[in-house]
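Novice: Input: one structure, supplied below.
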Amino acid sequence: MPTISMFFGILIRMYFNDHPPPHFHARYNEDEAVIAIESLRVLEGSLPKRALSLVQEWAGVHKAELAADWELCQSKQQPLKIDPLE
């Protein structure tokens, strides 16, 4: 599973050829959440409130890039790195 971004100890990853809807995985310490790209809502799992807020802020800025990376992963191509939240 490629890591496409990392900030404040949070890893953002996508699986190759993953199931719909378009989403990404966010991991912070022992917690992991699957987050929909379009709505930014948690589909599975959980993150601490502050970490989730940071992930949703970052994803809101990078929705188009996340969608493009989703398409790359669906065709088993390496996704592009996305700038971290600063």
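Readers should treat all values here as calculations from the given coordinates under stated rules, not as data from a laboratory. All figures in this text were calculated on a predicted structure; none of them were measured in a lab. Backbone-built Cβ (ideal geometry, glycine too); neighbour counts: all protein chains shown.
Novice: Can you give me the relative contact order of the chain as a percent, contacts being Cα pairs under 8 Å and 6 or more apart? Before the final figure, lay out each step's value.
Specialist: Numbers: 143 pairs, mean separation 25.6, N = 86.
Value for the chain: 30 percent.
Novice: A further question on this structure: Given Cβ point charges of +1 (Lys, Arg) and -1 (Asp, Glu) and nothing else, what value in debye, to the nearest 20, does the dipole of the chain about its Cα centre take? Write down the numbers at each step before the final one.
Specialist: Values: 8 positive and 12 negative charges, 11 e Å.
Using Cβ point charges on Lys, Arg, Asp and Glu, the chain gives about 60 debye.
Novice: Can you work out the Karplus-derived ³J(HN,Hα) for every residue in the stretch 70-86? Use 6.51 cos²θ - 1.76 cosθ + 1.60 with θ = phi - 60°, whole Hz, and x for glycine or proline.
Specialist: The phi angles translate into 4, 4, 4, 5, 5, 9, 6, 9, 5, x, 7, 5, 10, 3, x, 6, 10 Hz.
Novice: For the chain, take the longest principal axis of its alpha carbons; what is the angle in degrees between that and the long axis of helix 49-61, to the nearest 10 within 0 to 90?
Specialist: Tilt of helix 49-61: around 40 degrees.
Novice: Given only helices, namely DSSP H runs of n ≥ 4 each adding -39500 (n - 2.57), what is the per-residue ellipticity at 222 nm of the chain, to the nearest 500 deg cm²/dmol?
Specialist: Estimated from H runs of four or more residues: -9000 deg cm²/dmol.
Novice: Ordered by residue, what ³J(HN,Hα) values in Hz, to whole numbers, does the stretch 2-16 give under the Karplus form 6.51 cos²θ - 1.76 cosθ + 1.60, where θ = phi - 60° and Gly and Pro are x?
Specialist: Values per residue, Gly and Pro as x: x, 8, 9, 6, 8, 7, 6, x, 9, 9, 10, 9, 9, 8, 6 Hz.
Novice: When Lys and Arg each count +1 and Asp and Glu each count -1, what net charge do the other residues less than 13 Å away from Val61, Cβ to Cβ, add up to? Working shown, then result.
Specialist: On the way: positive: Lys63; negative: Glu57, Glu65, Asp83, Glu86.
That works out to -3.
Novice: Shifting gears a bit: For Ser39 and Leu11, what does the FRET efficiency come to when R0 = 25 Å and r is the distance between their Cβ atoms, rounded to the nearest 0.05? Spell out each step's value before the answer.
Specialist: Working: r = 21 Å, r/R0 = 0.84.
So the FRET efficiency works out to roughly 0.75.
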